[in-house]
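These notes concern the structure reproduced below.
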Amino acid sequence: MARSLLFILSGFLFLVFADAAHADKRVALVVGISGYKQVPRLVNPANDAEAMSALFKRAGFDVVDDRRDLGIVELRRVVREFSEKSKDADIAVVYYAGHGIEVEGSNYLIPADAKLASDFDVEDEAVSLDRVLRALDSVKRLRLVILDACRDNPFTKTMKRTMASRSIGRGLARVEPTSSNTLIAFATKAGSVADDGAGKNSEYASALVKYIAEPGVDVRVAFGRVRDEVLKRTSNRQEPFVYGSLGGDQLALVPQPEKLPQADLDARVDYEFAAQLGTKEVWGSFLANHPNGFYADLARAQLNRLAAAEQSQAMADKARRDAEAQAAQKAEKLQKRIDDPAAGQAAEAKQQLAEQSKELEEAKQQAQLAQQRAEAARREVEQTKRQAVEEAQRQVDDAKGADKDSAGKVAALAPGATDQPAAPPSSPQIGKADIARLLQAHLKRVGCNAGKIDGDWDEGSQRSLELFNKNAKTKFDVKVASLEALDAVRNAHDRVCPLICARGERAAGDRCVEIDCDSGYFLNSRGSCERRHEPVSRLRSVTKRYARSPASVPGAYAPAVQSAPSGLSPGCALDSGGHRGTGGFRCRD
């Protein structure tokens with residue numbers, strides 16, 4: 001259940017954040033080449049490409065084609081395939097990190113297996129920037145090519161010139177896109193060389209990750225911030241540059257998320273109040289006011305979770321009662337056999353008693369086990385309630401962030417974004433009546449409030465807080481419903497005030513249940529089960545029999561043996577002379 005709740009919540013937040021974004025189809029191709037075969041390996045392109053790929057994925061791009069260390073054949077094929085993937089896309093981005101070269105004013109991307117023994121080999125062993133731009137011809141709103149390829153190129157030092165007049169530039173050449181809505185971003189301006197970087201990522205890639213995916217920020221403003229960041233970090237040695245132009249409309253790689261409608265805001269506030277208490281009654285009241293929508297689905301999931309836990313407890317309680325009743329019946333049956341003197345003298349009866357004693361012991365063990373299971377079920381219900389309250393509160397907190405300024409949403413995407421100030425929450429401020437209502441609800445949850453939950457801090461509410469102070473050893477001012485008191489009561493997860501049950505009831509966990517006495521017992525005035533005594537039967541005549549006949553003893557006197565007359569106790573008789581004597585009987589005075 002918890003997993004399904006998290007899935008629902010994640011889907012909701014994604015929709016809030018990405019509804020506007022998914023109105024546009026956005027695709028990206030990320031290529032990083034570090035493992036060159038003919039020249040020393042570059043360290044950072046693989047790391048930079050990995051960071052950019054992760055950024056585009058978290059920003060919700062529909063397609064992120066991520067490639068590493070491609071040879072010439074693979075690089076050409078990947079560009080051709082991306083041309084198909086970008087058809088009818090609104091935004092397409094190509095990010096390349098590796099070596100680049102400029103020959104006769106044209107820029108080329110150098111694959112991992114390039115040899116470039118001469119300038120004549122460039123067209124065969126490298127991919128031109130023009131080919132990459134042609135692959136984006138069908139994109140509608142923005143064609144963006146980012147070339148992190150202005151590093152000091154070792155190929156230019158060994159490459160032979162087939163023509164003395166043919167130029168091979170240092171860095172990349174300035175470029176002016178011929179198609180509209182196209183931007184080409186260089187790690188540094190044309191003709192300059194950028195450092196590969198001493199850290200995990202180059203300075204340029206680090207700034208890109210930090211700024212270009214800020215929701216609602218125009219791409220031109222984002223690249224301006226990238227420029228400022230790189231200049232600052234390199235002491236003005238490296239200045240990124242962007243070529244091309246866009247129209248006057250605002251254009252961001254990640255659009256601003258839409259605000260929640262007022263109805264959803266109202267439901268969220270009510271859901272937050274319901275989450276504070278987390279009972280079935282409160283969730284039912286919430287659904288009565290908000291039967292549809294995202295928060296209604298969450299409330300129903302909470303209700304189902306609580307119902308399942310309570311059903312488990314009910315089954316465990318029934319098993320406990322059945323086991324206790326069975327043990328009581330066996331105990332009563334055994335006691336009757338013990339009280340029967342005739343059965344007590346027979347060997348067969350003794351054997352039966354032994355068997356019944358064993359059965360009674362087993363029944364008691366079963367009853368004890370059922371009691372343990374019932375107690376475990378009760379604890380499970382309480383834990384489920386606590387978890388439901390905590391989980392619902394966490395859902396509320398997460399949902400609050402959905403309609404903040406979306407910079408907070410992308411903060412997790414970018415290293416160093418934690419330096420940015422957090423946007424203030426947009427949910428309504430809590431008032432005094434709301435504090436009182438929440439405090440009343442939590443006092444009821446911990447067993448200290450038997451009154452209403454209406455936000456009216458009356459004498460009954462004050463007595464409830466006074467009772468909490470007494471049992472929790474706190475000293476809050478009972479005349480005021482304060483946030484400090486609310487925090488203290490909210491953090492009490494278990495019952496604080498003792499449970500007081502009415503006459504004829506007993507405490508069962510956090511509730512009072514009716515006392516059920518077993519067969520042969522009744523509920524006395526003290527509220528406990530007492531054994532029911534049967535009425536005393538009329539005295540029976542008892543005849544005293546001697547173990548040995550007096551006639552068999554020579555000279556023995558044999559008194560007349562009579563039944564005990566009325567008014568004498570059993571065991572009392574008259575001798576042959578009519579005198580009152582024991583004759584083997586006890587006589588009552």
- Query: How far apart, in nm, are the 7 Å Cα→Cβ label points at residue 123 and residue 288?
  - Reply: 8.2
- Item | Charge tally in the Cβ shell below 13 Å around residue 68, where Lys, Arg are +1 and Asp, Glu are -1, residue 68 excluded | -4
- Karplus couplings for the stretch 200-215 from phi (6.51 cos²θ - 1.76 cosθ + 1.60, θ = phi - 60°), rounded to Hz, Gly and Pro as x? 5, 10, 5, 4, 5, 5, 4, 5, 4, 4, 6, 10, 6, 9, 5, x
- Excluding residue 477 itself, what net charge comes from residues whose Cβ is under 11 Å from its Cβ, given Lys and Arg +1 and Asp and Glu -1? 0
- Message: Given the options 275, 289, 250, identify the residue whose Cα lies farthest towards the positive end of the charge dipole of the stretch 206-296 (+1 on Cβ of Lys, Arg; -1 on Cβ of Asp, Glu).
- Response: 250
- Message: Tell me whether the stretch 431-490 comes out rounded, prolate or oblate; compute the Cα gyration tensor, take square roots of the eigenvalues as a ≥ b ≥ c, and use a/c under 1.5 as the rounded threshold.
- Response: rounded
- Which length gain, in nm to one decimal place, applies between residue 524 and residue 462 when the Cα-Cα distance is subtracted from 0.36 nm times their residue separation? 18.7 nm
- Beta bridge orientation in the stretch 20-245: antiparallel %, DSSP, nearest 5: 30
- Item | Entries in 115/200; 115/160; 280/444; 452/479; 85/200 that, when Cα-Cα distance is taken, lie over 19 Å | 115/200; 85/200
- Inter-label distance for residue 58 and residue 502, nm, one decimal - labels placed 7 Å from Cα along Cα-to-Cβ: 5.9
- Where Lys and Arg each count +1 and Asp and Glu each count -1, what net charge lies around residue 91 among other residues with Cβ under 9 Å from its Cβ? +3
- Task: Taking the Cα centre of the stretch 20-245 as origin, sum charge times position over the Cβ atoms of Lys and Arg (+1) and Asp and Glu (-1), and report the length of that vector in debye to the nearest 20.
- Result: 220
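FYI, it's all coordinate maths here, none of it is from the lab. Note that the coordinates shown come from a computational prediction; the quantities given were computed from them, not determined experimentally. Here the Cβ is made from the backbone with ideal geometry for all residues, glycine too, and neighbour counts use every protein chain on show.
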